[in-house]
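A.B. asks: Here it is, the structure in full.
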Amino acid sequence: MIRILKNLRSQLVGDGILNAGVAPSYYLEGLLYNVPSDKFGKSYSDCFVNAMNWIQNEADKDKLVCANEQYYLLWNDSHTSWEKANAEAFLNAAIEAWNDW
């Protein structure tokens, strides 16, 4: 699943939809780390849709943590966390790309 997000990010950057550096690999991995196991389905498309829906509609984004569980994943003005605006830019672009696929 992480390869899908990273490849999608590369496509979005290559197409000029997303700026390079907005969605570093470490933060994409952290994003998926927080998704409950039961959201991962039988197909990659199910996994993507379930994960994105959970992140956008169910998750308390202020409580998401990095994979090391030492820092919040989404936090502004912190060198250990992903800026919230950058995370939202990636999520919105990824969902729009998926819906237009």
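Read the figures in this text as sums done on the coordinates, not as results from a lab. Please read these numbers as outputs of a predicted model, since none were measured by experiment. Cβ sites come from the backbone with ideal geometry, for glycine too, and all protein chains shown count toward neighbours.
A.B. asks: Which of the residues that make up the stretch 26-41 are more than 10 Å from Phe90 (Cβ to Cβ) and either touching a His at 6+ places or on another chain (Cβ under 7 Å) or assigned to a helix (DSSP H, G or I) (or both)? Talk me through it step by step, then tell me what you get.
C.D. replies: Looking only at the stretch 26-41, we keep the residues that are more than 10 Å from Phe90 (Cβ to Cβ), and these are 26, 29-30, 32-41.
Correct list: Tyr26, Glu29, Gly30, Leu32, Tyr33, Ser37, Asp38, Lys39.
A.B. asks: So, Leu18, is that one part of a helix (DSSP H, G or I), under 19 Å from Trp98 (Cβ atoms) and touching a Phe, Trp or Tyr at 6+ places or on another chain (Cβ under 9 Å) or not?
C.D. replies: On the way: part of a helix (DSSP H, G or I): no; under 19 Å from Trp98 (Cβ atoms): yes; touching a Phe, Trp or Tyr at 6+ places or on another chain (Cβ under 9 Å): yes.
No, not satisfied.
A.B. asks: Can you tell me which of (1) in a helix (DSSP H, G or I); (2) closer than 22 Å to Ser81 by Cα is the one Ala23 doesn't meet?
C.D. replies: Answer for Ala23: the failing condition is (1).
A.B. asks: Within the stretch 28-67, count every residue that is loosely packed, with under 15 Cβ neighbours inside 10 Å, over 14 Å from the mean Cα position of the chain (by Cα) and either closer than 21 Å to Arg9 by Cβ or of a type in the set (A, V, I, L, M, F, W, C) (or both).
C.D. replies: Of the residues in the stretch 28-67, 4 are loosely packed, with under 15 Cβ neighbours inside 10 Å, over 14 Å from the mean Cα position of the chain (by Cα) and either closer than 21 Å to Arg9 by Cβ or of a type in the set (A, V, I, L, M, F, W, C) (or both).
A.B. asks: Mind listing whichever residues of the stretch 49-66 are touching a residue at least 40 places away in the same chain (Cβ under 8 Å) and touching a helix residue (DSSP H, G or I) at 6+ places or on another chain (Cβ under 6 Å)? Lay out the reasoning, then the answer.
C.D. replies: The first filter runs over the stretch 49-66 and keeps only residues touching a residue at least 40 places away in the same chain (Cβ under 8 Å), leaving 49, 51-52, 66.
Selection gives Ala51, Met52, Cys66.
A.B. asks: Contact list please: Cβ distance under 7 Å, first residue in the stretch 10-34 and over 21 Å from Asp60 (Cα atoms), second residue assigned to a loop (DSSP other than H, G, I, E, B), pairs at least six apart or on different chains.
C.D. replies: Leu12/Leu18; Val13/Ala20
A.B. asks: Based on what the data block shows, is Val13 in a loop (DSSP other than H, G, I, E, B), surrounded by 15 or more Cβ atoms within 10 Å (Cβ to Cβ) and not basic (Lys, Arg)? First the steps, then the outcome.
C.D. replies: Working: in a loop (DSSP other than H, G, I, E, B): no; surrounded by 15 or more Cβ atoms within 10 Å (Cβ to Cβ): yes; not basic (Lys, Arg): yes.
So Val13 does not fit the description; no.
A.B. asks: Starting from residues that are in a helix (DSSP H, G or I) and among the aliphatic types (A, V, I, L, M), keep the ones in the stretch 1-10 and report whichever is surrounded by the fewest Cβ atoms within 10 Å (Cβ to Cβ). Spell out the reasoning first.
C.D. replies: Going through the stretch 1-10, the residues in a helix (DSSP H, G or I) turn out to be 2-10.
Next, from what is left, pick out any that are among the aliphatic types (A, V, I, L, M): 2, 4-5, 8.
Details: Ile2: 12, Ile4: 17, Leu5: 20, Leu8: 20.
If we take residues in the stretch 1-10 being in a helix (DSSP H, G or I) and among the aliphatic types (A, V, I, L, M), then Ile2 is surrounded by the fewest Cβ atoms within 10 Å (Cβ to Cβ).
A.B. asks: Which of the residues belonging to the stretch 77-101 are among the aromatic types (Phe, Trp, Tyr) and without any contact (Cβ under 8 Å) to a residue 24 or more places away in the chain?
C.D. replies: Pass one, the stretch 77-101, residues among the aromatic types (Phe, Trp, Tyr): 82, 90, 98, 101.
If the condition is that a residue be among the aromatic types (Phe, Trp, Tyr) and without any contact (Cβ under 8 Å) to a residue 24 or more places away in the chain, then Trp101 is the only one that fits.
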